[in-house]
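Before any comments, here is the structure.
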Amino acid sequence: MGGDPENVTVFGQSGGGAKVSTLMAMPTARGLFHKAIVQSGSHLEALNPDEATKSAAAYLAALDMKPADIPRLTKTSTERLVAALNKMMTAPGPKPNYSPVVDGIVLPKGPWQPDGPAVSTGVPMIIGTTRTETTALLGAGNPALFEQDDAA
């Protein structure tokens, strides 16, 4: 319905910005877009398969599931999925990381580790940030932060 397939810009903010950064490092995405805009998300670091497996196993445990139960995830309510994530994010200790995974094929290396993605050389990119990017993330771990007055 219009548009120019030879002049496609991808844009994302926060998690969407991280996805744009990831697309920049994916050889299979080469040529699908011609410009990129990342608003808070260009700091993305990728996981190795072992790190990703640990985070996935922790999430399944929060859902009272085992790896063999993965097919049940498609039938699990959104409320239960979010509750399990909240349980993990508010528990003491290290928080799970659900960043993209370097598999050596679809994602050969982290988007910005140790340098910019050569596969996207020549793709102009605008990078910005938001002043309050992590406000909601901090509040999820400490709801009292949202109850402060101006003096606090």
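Table for the structure above
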item	result
Lys pairs, the chain - Cα-Cα below 23 angstrom, 8 or more residues apart or on other chains	16
Cβ-derived FRET efficiency at R0 41 Å, Asp149 paired with Arg30, nearest 0.05	0.20
Stokes-Einstein D in µm²/s, Kirkwood radius over Cα pairs - the range 73-142 at 25 °C with 0.890 mPa s viscosity	154 µm²/s
Size descriptor, Kirkwood hydrodynamic radius, that averages inverse alpha-carbon separations across the range 1-67, Å	14.1 Å
Using alpha carbons only: equivalent-ellipsoid semi-axes of the chain, gyration tensor based, whole Å	31, 23, 16
Mean separation of Cα contacts under 8 Å, 6 or more apart, over the residue count of the chain: relative contact order %	31 percent
Heavy-atom SASA rank of Arg131, Arg72 (probe 1.4 Å, accessible area, largest first)	Arg131, Arg72
Accessible area of the chain belonging to carbon and sulfur atoms, whole % at 1.4 Å probe	61 percent
Per-residue SASA entry for Thr53, accessible area with 1.4 Å probe, Å² rounded to 10	90 Å²
The range 1-82: chymotrypsin sites (Phe, Trp or Tyr not before Pro) in DSSP coil with no more than 11 other Cβ atoms inside 10 Å	none
Gained length - Lys95 relative to Thr134, 0.36 nm times residue gap less alpha-carbon distance	12.6 nm
Computed [θ] at 222 nm, helices only, for the chain once each DSSP H run of length n ≥ 4 contributes -39500 (n - 2.57)	-9000 deg cm²/dmol
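The values are calculated or read from the model by the stated rules, or taken from the named source; none is laboratory data. Note that this is a predicted model, so its numbers are computed, not measured. Positions of Cβ are backbone-derived with ideal geometry, glycine not excepted, and every protein chain shown enters the neighbour counts. Side chains are part of the model used for accessible areas, which takes the heavy atoms of the whole protein and leaves out ligands, DNA and RNA. Shrake-Rupley method; radii C 1.70, N 1.55, O 1.52, S 1.80 Å.
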